[in-house]
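Trainee: Let me begin by handing over the structure; questions about it come next.
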Amino acid sequence: MSLSEAAGDPGQVAIRPRNVSFDCSGTPLHWIPGHPVASNFISSLNLVLPEGERWFVEAFDEALPYVEDDELREAMRGFIGQEAKHSSVHDGVQWGFLRDNGVDPAPFARQVHWVFRRVLGPRPELSARRRRKRLIARLWIIAAVEHFTAVFGHFALNNDWDDAGADPVLCDLYRWHGAEEVEHRSVAHDVATYFGDSYFRRVWAMVGAFPLLFSLLVRGTHFINHHDPEAPKSEVALWRAGYADSKAGLVPGFEILTSLIGYLKPGYRPDDFGSTAQAVAYLASSPAARAAL
């Protein structure tokens with residue numbers, strides 16, 4: 001059963017972190033019962049994102065002194081607060097959840113860390129001009145990745161996990177995270193364009209971001225499946241199960257690809273996709289967010 005979208009425009013929304021906590025002790029690896037591939041794919045996504053979010057925060061901290069627009073600076077601070085909270089919550093919950101189920105995420109996490117820190121991280125040894133140029137490139141890649149996190153967030157708010165009997169605590173965790181991704185979906189794009197609006201840069205960033213994110217998610221799903229005796233081991237069986245899960249509304253499907261049509265339009269705006277009203281409505285009803293008030 002999908003979450004219905006809230007009616008009405010909430011107007012200007014202050015982006016702020018919420019001091020949430022989650023207890024997933026006793027939650028089985030297949031938190032969507034009978035769907036190991038869907039369960040492991042979403043778990044993989046939430047292993048990849050925390051390292052990426054720490055990378056976002058690092059880049060925004062580096063960019064903040066260059067931004068003179070007060071409204072954008074305030075949005076950036078809210079974005080930094082939310083992303084820092086996402087990474088810390090997922091590290092605590094996701095690692096404990098996987099280890100309780102016999103999966104040590106450390107080897108895969110080290111690979112993700114290498115990608116974001118060694119390959120995409122800052123290079124202090126460069127000249128000031130080249131450091132700034134590299135910062136702008138990183139900001140555009142972040143904007144491209146944030147396009148997908150908004151797509152995933154919209155999916156989290158509009159899927160069929162509840163009908164499939166999914167664990168309610170993990171559902172709330174992923175929906176809280178997804179709702180905040182929808183809530184701040186325009187910030188990274190606004191920051192990148194502040195440093196130089198360019199259709200070429202936007203397309204170039206997506207050319208790098210899409211295969212990077214896709215390969216990490218597939219690799220992470222394989223990693224968890226390798227430790228899961230009930231998950232399909234052959235590539236054909238894995239992709240067949242993933243397709244069936246997407247048709248059942250348990251994992252994102254072709255909407256990931258179709259969202260690229262909007263992204264590639266010259267007049268693209270992130271807030272053309274998703275609903276801030278729906279995100280704010282969920283955050284007002286989320287058990288964890290309400291408990292944090």
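The values are calculated or read from the model by the stated rules, or taken from the named source; none is laboratory data. All figures in this text were calculated on a predicted structure; none of them were measured in a lab. FYI the Cβ positions are ideal-geometry reconstructions off the backbone, even for glycines, and counts take in every protein chain you see. Ligands, DNA and RNA are stripped out before the accessible areas are found, and what is left, the full protein with its side chains, is counted by its heavy atoms. Shrake-Rupley method; radii C 1.70, N 1.55, O 1.52, S 1.80 Å.
Trainee: With viscosity set to 0.692 mPa s and temperature to 37 °C, compute the Stokes-Einstein D of the stretch 208-293, Rh being the Kirkwood radius across alpha carbon pairs; µm²/s, no decimals.
Mentor: Stokes-Einstein gives a translational diffusion coefficient of 203 µm²/s.
Trainee: What does the charge add up to near R77, with Lys and Arg as +1, Asp and Glu as -1, over the other residues with Cβ less than 12 Å from its Cβ?
Mentor: Net of charged neighbours comes to -3.
Trainee: Along each of its three principal axes, how wide is the spread of alpha-carbon positions in the stretch 21-99, in whole angstrom units, largest first?
Mentor: Rounded to whole Å, the extents work out to 52, 22, 18 Å.
Trainee: Separate question: Over the chain, with a Gaussian network built from C-alpha contacts below 10 Å, which listed residue (S21, S127, S275) shows the highest mean-square fluctuation?
Mentor: S127
Trainee: Pick from A106, A281, A63: which is most flexible by mean-square fluctuation in a GNM of the chain where alpha carbon atoms under 10 Å apart are linked?
Mentor: Of A106, A281, A63, the most mobile in the Gaussian network model is A106.
Trainee: On to the next question. Taking the chain as a Gaussian network, Cα atoms linked when under 10 Å apart, which of V187, V93, V207 shows the biggest mean-square fluctuation?
Mentor: Among V187, V93, V207, the largest GNM mean-square fluctuation belongs to V207.
Trainee: Follow-up. Carbon and sulfur atoms: what percent of the 1.4 Å accessible area of the chain do they account for? Before the final figure, lay out each step's value.
Mentor: On the way: 7640 of 13320 Å².
Carbon with sulfur: 57 percent of the solvent-accessible area.
Trainee: Give me the three principal axis extents of the stretch 99-224 from the C-alpha atoms, as integers in angstrom, largest value leading.
Mentor: Largest first, the stretch 99-224 extends 53, 31, 20 Å along its Cα principal axes.
Trainee: To continue, here is another question. Compute from the Cα atoms of the stretch 1-150 the Rg and the Dmax, the latter being the longest Cα-Cα distance, and quote both in angstrom.
Mentor: 18.0, 54
Trainee: Apply the Debye scattering formula to the stretch 201-243, with a single equal point scatterer on each alpha-carbon and no solvent, then give log10 I(q)/I(0) at q = 0.15 Å⁻¹.
Mentor: Those come out to -0.47, one per q.
Trainee: Mind jotting down the distance between the C-alpha centroids of the stretch 127-178 and the stretch 19-69, whole Å?
Mentor: Here the two parts' Cα centres lie 8 Å apart.
Trainee: Please give the net charge around G196, taking every other residue with its beta carbon less than 11 angstrom from that of G196, where Lys and Arg add +1 and Asp and Glu add -1.
Mentor: +3
Trainee: In addition: Ordered by residue, what ³J(HN,Hα) values in Hz, to whole numbers, does the stretch 142-149 give under the Karplus form 6.51 cos²θ - 1.76 cosθ + 1.60, where θ = phi - 60° and Gly and Pro are x?
Mentor: Values, residue by residue: 4, 4, 5, 5, 5, 4, 6, 5 Hz.
Trainee: I would also like to ask the following. What 222 nm value per residue comes from the helices of the chain, counting each DSSP H run with n ≥ 4 as -39,500 (n - 2.57) and dividing by all residues, nearest 500 deg cm²/dmol? Could the numbers behind the result be given before it?
Mentor: Numbers: 11 runs with 186 residues, N = 293.
So the helix-based figure for the chain works out to -21500 deg cm²/dmol.
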